Amino acid sequence: MRAWAGSALRERLPLWVQLRCGLEPRTLAALAVVLVVGVILAGHHFWSGRPGMVRAPENVGAAAVVPEASPGTLPAPASSPSPSARVVVDVSGKVRRPGVLRLAAGSRVADALRAAGGAKPGADLTGLNRARVLMDGEQVLVGGPAPPASGVGAGPASGTGAGAGAAVGPVSLNAATPEQLDTLPGVGPVLAQHIIDYRGRHGGFRSVDELREVNGIGERRFADLQSLVRP
């Protein structure tokens, strides 16, 4: 058996190996051992160097997941008013609980109506912009024009639609709504809001002459309005 294995091994060796080794059994056996060891090392090197899949650790995958923010945790817009901010308005006219109210900044005329108990039955709200944002220090007059000045005759009947939006007599700069100021000649929605803003910043008008200090009112426009308004 040994002779047969040695003969088979000699036949498979290159010619130059057979010549160098002299075909001696011991030499051939040693050479066979070297070849077997070389094949084993080469196979091990090839197996350990093959590319393989790398799996990320479980804790790394968990840390990479960013939780989705719920709608309630989103930051408030920069333009949103502070929850502690308040505006003070005077709600008068045909409401159930007229008076001075403190409301959150950014509230609208509709909010003021609800806080005052709502409008009385039959009140005409046609000329009242309930979607308008309230300004601090303004008056919200519900269901009627500004009060007339003394000595001025009564206008149209209060039940008509025109009487609800038009002022009777001089318009009060401290009590008129933007809609009522808008009825004055040369006064549009923008200028009416300027008058409201001035009234809120300065605590009201002490005289008609202060109307000159409102942005957008020059001498010519003041001359047109002087006889139509009062503090």
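The values are calculated or read from the model by the stated rules, or taken from the named source; none is laboratory data. The structure presented is a predicted model; accordingly, all values stated were derived computationally and were not measured. Only protein heavy atoms, including side chains, enter the accessible area calculation; ligands, DNA and RNA are left aside. Shrake-Rupley method; radii C 1.70, N 1.55, O 1.52, S 1.80 Å.
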Quiz item: When the solvent-accessible surface of protein heavy atoms is calculated with a 1.4 angstrom probe, in what order do VAL190, VAL109 fall, highest first?
Solution: VAL190, VAL109
Quiz prompt | Accessible heavy-atom area order of LEU31, LEU134, highest first, probe of 1.4 Å | solution = LEU31, LEU134
Quiz item: What is the set of long-range amide H partners of GLY93 at a cut-off below 5 Å, with H atoms built 1.01 Å from backbone N?
Solution: VAL142
